[in-house]
Amino acid sequence: MKCISSALVFVGLSAGALVAAQAPAAPQTPAVEAASADVRGGSVTFDVGTNVFAINVRGASGALNGRARVLQSGDALRLEDIEAAVAVESLRTGLKLRDGHMRKYIFQTPDGKAPDVRFSAKSAECSPADASRAVTCVASGELAIRGTAKPFSIPLKVVRTGDEFRVSGDGAVVLSTYGIDRPSQFGVKTNDEVKLHLEFSVKSGPPVSASTVPR
Amino acid sequence: MKSAVRNVRAALTIASRRVAHVTALAILVLAAAAPAAAYPNMIRLHYPTCVSCHVSPQGGGVLNKYGKGIDFALTLRADEPEGAELQQEGDVFRFLYDTRATLGVDRDPKGETEYGLNTSFRTAVGNEKNQVVYAFAVRSPTLARTRRTGAASMGMSRLYWMYQPTKGLAFVVGRDDLPTGLGSGGMTSFARRVNNPNVSSAPTQVKLFWWNTRWQVATYAYGPDGLETAPQYEGRGVGGVAGLNLWKDRAVVGLTARVSKADAFDRQNAGLFVRLGLTEQLGLLAEHDVTRRELNTGIRQTHVAGHAEVFYVPAGWLQTALAIQHLNTTGGASTYRLSPSVEVRLTGNLRLVFSSRHVYEAVDSRVYSVGLQVKAQ
């Protein structure tokens, strides 16, 4: 009897140990690094076709400013609270007369002001990094031109090099969406769609909070 | 239909008044042919082709309406002209013209100051598909304090018909400059006196232009214009220019080639060119070619010629450039020219040009020039 009891205890303990060994480990939630990131001196270029073959109007600004909250967990990336702005006075096409014409007919409000072009988005969902280690984040928010905000979405390509993120993106704005008539100058009229290209670098700033992200 | 007829009548009324005014102005002035005032440096502003601003796809010559607006915008007192925002709708009849008078003062430190007055009248008449282009020039003799060189001359310098069946395609028949890579025949004209002497610079020709956002191609065949100094210089030939638009309309690179025959010499030529706008202010223009000539005496000559120019435009109304040109004949003489220039575009009708030319050859020379150009358009 005593032997059987000992054996049963042994078997029970062994079985218990065996079951315990096979049970899955409790999940370890990775730490999420959150940091604010400021953009200074990024660039925006625009390109719009016209009604005349082989004439495009191009311009640029080197004064793209912005801010975002960057949440990073391992290779996963998420952007939150995205704000970006370009001063209208910084947009140049290379011809002063044309710059003035552009500001007057595209960016000027009825009361004569030219508010900054602003973009804001609550968040941008990012895909996993591809073979080139680039992450694509789609920022969906609102773009305000002439004080009028409309839904706007732009995919951003993000590449991390050290503690710096290099970001580029291509989008398009339809002028008629904002109630803006296609401007005409010297007999040439622009198309309704304006292509945009953004480029900027962001250095990860001081952490703002740390949290865990449930899997 | 009625509105089109009204448009044509209105345009003809305006045109006839302008022609009377311009003709009187042209007759009053004795001058020499104004140099082509093309601005290949417009590549700095994302204009990869000349046809954006010029009637002729190869550049130079009369400006179209858009080109006149851009020309106006690049002046010291650029205010937006009235009606600038109006768009020209439809295929309307157009009368485009300009007339220029240029007073030039050249100073050779070793010699006397020389004065010359050039005038030209250029016009393009027609609609979007068919245009006739005409240019007339009058040149004064070169005057110095104690002597006069040359004689007054006048003559038609351009007359051709251009047909544009569709966007990006044009046919030209008539007298005109031959196409070049830089869009300005004046840039390589100094080499012609050696590698293509006595042959007309504006021969009778048939040309085809084809262009899109990526390619610019010109092919041509030409013959004598009847104004050659002797029948042996009546050249006949074929050629082509092909350019590829790179880097977001900021760079065009290409090739040129030409083969011609004349009783005086046969000629083959091939070259490379680049138009580059590094920034909105700074850029480079360069065209270099090799010419092989076989003279009727059996002598063969090889010439290497080129023009390289760095331009800097700190403001639209102030254009500076430094050009270096070379002409080398294998087994023969070499010439190098250094030409800095500054152009001040005061208004749409008035501009000042300061330039100097330093020539390094068997005997070096130097000339300082000031030019005042008055234009009506």
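Computed from the coordinates by the stated procedures, all read-outs in this text should not be read as laboratory data. Bear in mind the structure is a predicted one, so any value in this text is a computation, not a measurement. Ideal geometry is used to build each Cβ from the backbone, glycine not excepted, and the neighbour counts take in all protein chains shown.
In the P(r) worked out for the stretch B:198-336, what percent of Cα pairs fall beyond 27 Å?
Within the stretch B:198-336, distances greater than 27 Å cover 34 percent of Cα pairs.
Based on Cα coordinates alone, diagonalise the gyration tensor for the stretch A:147-197, multiply each eigenvalue by 5, take square roots, and list the semi-axes in whole Å, largest first.
Semi-axes (√(5λ), whole Å): 31, 14, 8.
Taking beta carbons within 10 Å but only from partner chains, what does the mean come to for residues B:66-72?
Per residue, the number of nearby Cβ atoms from other chains is 4 on average.
Using the per-residue mean of other Cβ atoms lying within 10 Å as a proxy for protection, in what order, highest first, do the peptides B:252-258, A:51-57 fall?
B:252-258, A:51-57
Per q in 0.17 Å⁻¹, report the Debye log10 I(q)/I(0) for the stretch A:91-215, using one uniform scatterer on each alpha carbon and no solvent.
With no solvent term, the Cα-only Debye profile gives -1.01.
To the nearest whole number, what is the average tally of beta carbon atoms from other chains within 10 Å of the beta carbons of peptide A:56-63?
Mean partner shielding for this stretch: 2.
Set the Förster distance to 60 Å, then compute FRET efficiency between A:Arg103 and B:Ala144 from the Cβ-Cβ distance, nearest 0.05.
It comes out at approximately 0.70.
Long-range amide H contacts for B:Ser356: which residues qualify at under 5 Å (H placed 1.01 Å from N, peptide plane, sequence gap of 5 or more or a different chain)?
Distant-sequence amide H within range of B:Ser356: B:Ser369.
Across every pair of different alpha-carbon atoms, what Kirkwood hydrodynamic radius in Å does chain B reach?
21.8 Å
How large is the helix-only mean residue ellipticity at 222 nm for chain B, computed as the sum of -39500 (n - 2.57) over DSSP H runs with n ≥ 4, divided by its residue count, in deg cm²/dmol to the nearest 500?
Mean residue ellipticity, 222 nm, calculated: -3500 deg cm²/dmol.
Provide Rg over Rh for the stretch B:95-208; use the alpha carbon set for both Rg and the Kirkwood Rh (inverse mean inverse pair distance).
Rounded to two decimals, Rg over Rh is 1.05.
Could you tell me what % of all Cα pairs in the stretch A:127-166 have separations over 17 Å?
46 percent
What relative contact order, as a whole-number percentage, does chain B give when Cα pairs under 8 Å and 6 or more residues apart are counted?
14 percent
Average partner chain C-beta neighbours within 10 Å, per residue of A:92-99?
6
For the stretch B:277-377, with only Lys/Arg (+1) and Asp/Glu (-1) charged at the beta-carbon, what is the dipole magnitude about the Cα centre, in debye rounded to 20?
240 debye
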